[in-house]
Amino acid sequence: MEKQINDRKPRKIDEKILIARSKKGDKAAFEELVRQFSKYVYTTAFFVLRDAHEAEDVSQEVFVKVYLSIKGFRGLSSFKTWIRKLTVNTCIDKLRLHSKTKGKKVSLDKITEEYEIVFNKFDQSLENHYFNKEMVKDVLKIMVNLDESYRVPLILRDLQDYSYREISELTGKPIGTVKTNIHRARKMIEKKLKK
Amino acid sequence: MNSINKYIKIARDAFIKPPVDIEDRIIDRISRVNKGDSNLLDESFMDFFKKTNSRLYLLSEKIRNNQGAFAALATGIIFIAFFIFFMIKIYSGRGEKDGNNNELSSSENEAQEK
């Protein structure tokens, strides 16, 4: 079920080189960028939208946008930061415009049955290695099942490193509300884990 | 709550494996990019694109996101500037005083010689 991505993977080409080549129109370099970042984009979109099809649509949309605009990308922030913000913005636009996923809940079991949670790096030296992995999976499952008003701020804050102010601007809610919702979301996770 | 934070920290390195081969689908989609796709680069995207390509905007964002740290840094710089200014003033004042003393002692010497 779980896979450990480790040394077996071929060495990654530096993203700066890939970006420079992509700017010159090298399609192979851009495809390598897709390979390096597609899972990250998909996961971010899935956590925000909780819908596999929408997450796939967003992933494609994000990479088409990147493909069309990469010539003008100055690289003032890292590519990962840039693509992360682009993904989150696209997801928030989707939530605002379609609000298709609003109120839709993924059953707690669905995520383990249909979606594989993969760990990019996981400290093998951790004593309770298996226990920790299972706990992380449980936390993610609970997180995905939270209501949008709790889930989105919590994911942006804890998984995507957004500041409270940025979350407030993105979601259109006051900073106080954002802080309260994140705190409540953490409490909810804690409570559900104890059950 | 600490344990939750610990698991959330680990969760940052986890990702959902897509049910389909998403890489191939994206690559296929890119190979079919046409003029119509430029609609995706709408006002919202262009606004985001301009902002993320602006040093000034990124710096202002950094300051706005770390207001406390920048306030502390600014206070520190002002304090150091005042300290240096104060020290210069003290030393230059002492120098003038020494100069006056030298002048005074030399005039006394002259008087004694006479």
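The values are calculated or read from the model by the stated rules, or taken from the named source; none is laboratory data. Small disclaimer: the values here were computed from a predicted structure and weren't measured. All Cβ positions, even for glycine, are placed from backbone atoms using ideal geometry, and neighbour counts span all protein chains on display.
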Just one listed residue, out of A:Asn132, A:Asn128, is farther than 28 Å from A:Thr171 by Cβ, at the interface with chain B (Cβ under 9 Å from one of its Cβ atoms), surrounded by fewer than 18 Cβ atoms within 10 Å (Cβ to Cβ) and modelled with pLDDT under 90, and it is A:Asn132
Criterion violated by A:Ser99 - all others in (1) farther than 18 Å from B:Pro18 by Cα; (2) modelled with pLDDT of 75 or more satisfied: (2)
Which residue, of A:Ser163, A:Ser168, A:Ser149, is surrounded by fewer than 17 Cβ atoms within 10 Å (Cβ to Cβ), at pLDDT 85 or above and under 25 Å from A:Leu86 (Cβ atoms)? A:Ser149
Hey, A:Ala52 hits all of (1) at pLDDT 90 or above; (2) at the interface with chain B (Cβ under 9 Å from one of its Cβ atoms) but one; which does it fall short on? (1)
